[in-house]
Amino acid sequence: MAHASSLTRSRRRSAWIFLIPMLAILAVVAGWPLLRTFYFGFTDANLSDLSSYSFIGIENFYAVYDGEAYGLLIDPEWWQAVWNTLFFSVISVSLETALGMVVALVLNQNFRGRGLVRAAVLIPWAIPTIVSARMWNWMLHDQFGIINDMLMKLGILSAPIAWTASPDWAMSAVILVDVWKTTPFMALLILAALQMLPGDCYEAARVDGIHPVRVFFKVTLPLIKPAVMVAVIFRALDALRVFDVIYVLTPNNPQTTTMSVYARQQLVDFQEVGYGSAASTLLFVVIAFCIMAYIMIGRVRLDEGGH
Amino acid sequence: MNAKAWKYLRKAAFWLLVAVIVLFAVFPFYYAILTSFETGSALFEVNYLPESFSLINYISVFKGQPFGHNIFNSIFVSFLVVALSLLLGVTASYALARVKFAGRGLLLITILSVSMFPQVAVLSGMFELIRGLGLYNSMFGLAISYMMLTLPFTVWVLTAFMRDLPRELEEAAVMDGATPWTVIRRVFLPVMWPAMVTTGLLAFIAAWNEFLFALTFTLTDDKRTVPVAIALISGASQHEMPWGNIMAASVIVTLPLIVLVLIFQRRIVSGLTAGAVKG
């Protein structure tokens, strides 16, 4: 027994020796930059010289000079960005979940060529986001784009639309590209959940002659709900920090400027590291709040997602 | 008769749905390939089927900018990130999966939460760090910043995989007095390779596709990675975009990824589910 416990102790010691390099790297490349960004949010740091700055309290967030208020909390452009981000996230994640469910149900059927269809569905996921944004940029081109051509040939449009430039359509274009790119991810996760379902309750339902649509809503959906809820969290986390698609597809469009785009613009383009970091900090808070609210309202159990 | 007609109708509807899904998924990439072979006026007519075939775009994309450099940069950074993530990930996941110690659960949750950090939330701190290390506009600086993106899920997926391996596997070796490092190398590595291929591939894709850090932490054209290079290709004005070049560049960097993903599709799916659903 004494031998076993000394063995356990030496195992624990070596476990920590294995863990420390990984933890040290994570602390340096994630923990430290996060804390520094929080701190910069309370300073007047500028990108041209990051070594000299002074602490200015909450002035980046809210300050009053000569009776006029300044700061992020009353900046309409910031709140527009928050609204854009939430709108984009809710619509695109909902669409991706619904479409992903349809694709997963199709792939869960037995039919000839299923492997090929699954491979085809994976293609958008394999394409880098920047490349897919550029591809759609071209397809949605106002003069030479194939989408306008298709819609006009089908008689849906009478004149071409500047999809990515017009204030009315830019957000729809961004959502379209995001849905195209990430529905496969959703479909694969839902498919994995579907394939873990027990076959016997379907057998019973078939014998009882229950309509397949009813079986889906009464049996399948409740059983895969935990996995879907977890998949939605992962997608939502991605959607709430969206940057690449928008930077390439609809640059400098206030209708599609999200929190990440806004914060980077302040930080890099305007060199306002203090103000930009304040925006980053607020972005972190908004995302954390959204995810916590989702977990509480949806009663998601993270540990129940899988098996 | 009626039931039979109904059955055929349902079958037709199903195949129509399959066709729509495949078309929607594949068409944009097909159209990119088609455009990449077009030049001159053909570029500005909408063609649904290939009408002309020319490799000019594929040649000129390497002439106008250091695209060869960019590809090399992307390959270098991605391999470096994969190697570092796997090395640190395998040893750490051994400790997390096979050794019981206080605070293990908390540690796992902390690591998982790092993978949820929005990149912008660390941007200014990371900028300061990379400048402080003298690695601004360098591939090593990028590789360091990418560790934040790849290390957490590498550890997470490898831990999930290693936890499911039977206990007997290492018992004999431990009883023989093998050191933990020997146990990892001799006992676990030989059975871990499927999980390592999966996580390595996911890390590779993450590093290959990353945009925000690459855009912010590099300055000169010859230090850009492929996504940034493609995003920054532009013409003299907004109406002179070299779409042929852009599509050629897109096809060049996407084709290898698609091939990889199709070869390893089963592994990727299992990796994604281990990373996300088990999370």
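Values as computed for the structure displayed
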{"item": "Qualifying position, being over 18 Å from residue A:39 (Cα atoms), aliphatic (A, V, I, L, M) and at the interface with chain A (Cβ under 7 Å from one of its Cβ atoms), among B:157, B:99, B:122", "result": "B:99"}
{"item": "Test result for residue B:100, assigned by TED's automatic domain parsing to the domain that holds residue B:179 and within 30 Å of residue B:168 (Cβ to Cβ)", "result": "yes"}
{"item": "Breaking point among (1) at pLDDT 90 or above; (2) of a type in the set (Phe, Trp, Tyr); (3) surrounded by fewer than 23 Cβ atoms within 10 Å (Cβ to Cβ), for residue A:185", "result": "(1)"}
{"item": "Odd one out for residue A:242, checked against (1) part of a helix (DSSP H, G or I); (2) of a type outside the set (Ser, Thr, Tyr); (3) crowded, with 23+ Cβ neighbours inside 10 Å", "result": "(1)"}
{"item": "Top-ranked residue in segment B:105-118 [being in a helix (DSSP H, G or I) and facing chain A (nearest Cβ under 9 Å); ranked as surrounded by the fewest Cβ atoms within 10 Å (Cβ to Cβ)]", "result": "B:109"}
{"item": "The listed residue being closer than 15 Å to residue A:23 by Cβ and surrounded by 18 or more Cβ atoms within 10 Å (Cβ to Cβ), out of B:85, B:78", "result": "B:85"}
{"item": "Filter result (under 30 Å from residue A:268 (Cα atoms), outside any loop (DSSP other than H, G, I, E, B) and either at pLDDT below 85 or among the charged types (D, E, K, R) (or both)) within segment A:1-51", "result": "A:36, A:49"}
{"item": "Breaking point among (1) in contact with a strand residue (DSSP E or B) (Cβ under 6 Å, 6 or more places away or on another chain); (2) within 14 Å of another protein chain (Cβ to nearest Cβ), for residue A:55", "result": "(2)"}
{"item": "Yes/no for residue A:180 being assigned to a helix (DSSP H, G or I) and closer than 30 Å to residue A:281 by Cβ", "result": "no"}
{"item": "Residue match in segment A:54-66 (condition: in a helix (DSSP H, G or I) and at negative phi)", "result": "no"}
{"item": "Selected residue (criterion: nearest to the chain's Cα centre (by Cα)) from residues of segment A:242-261 that are facing another protein chain (nearest Cβ under 9 Å) and among the hydroxyl-bearing types (Ser, Thr, Tyr)", "result": "A:260"}
{"item": "Complete set of residues in segment B:16-57 that are more than 7 Å from chain A (Cβ to nearest Cβ), without any contact (Cβ under 8 Å) to a residue 40 or more places away in the chain and of a type in the set (A, V, I, L, M)", "result": "B:16, B:19, B:20, B:23, B:34, B:42, B:49, B:55"}
{"item": "Residue that is surrounded by the most Cβ atoms within 10 Å (Cβ to Cβ) [pool: residues in segment A:86-123 that are touching a Phe, Trp or Tyr at 6+ places or on another chain (Cβ under 9 Å) and part of a loop (DSSP other than H, G, I, E, B)]", "result": "A:111"}
{"item": "Selection from segment A:214-234 of residues that are at the interface with another protein chain (Cβ under 9 Å from one of its Cβ atoms) and closer than 30 Å to residue B:216 by Cβ", "result": "A:231, A:233, A:234"}
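The values are calculated or read from the model by the stated rules, or taken from the named source; none is laboratory data. Being a predicted model, the structure only gives us computed values, none of them experimental. In this analysis, Cβ positions are derived from the backbone assuming ideal geometry, glycine residues included, and neighbour counts consider all displayed protein chains.
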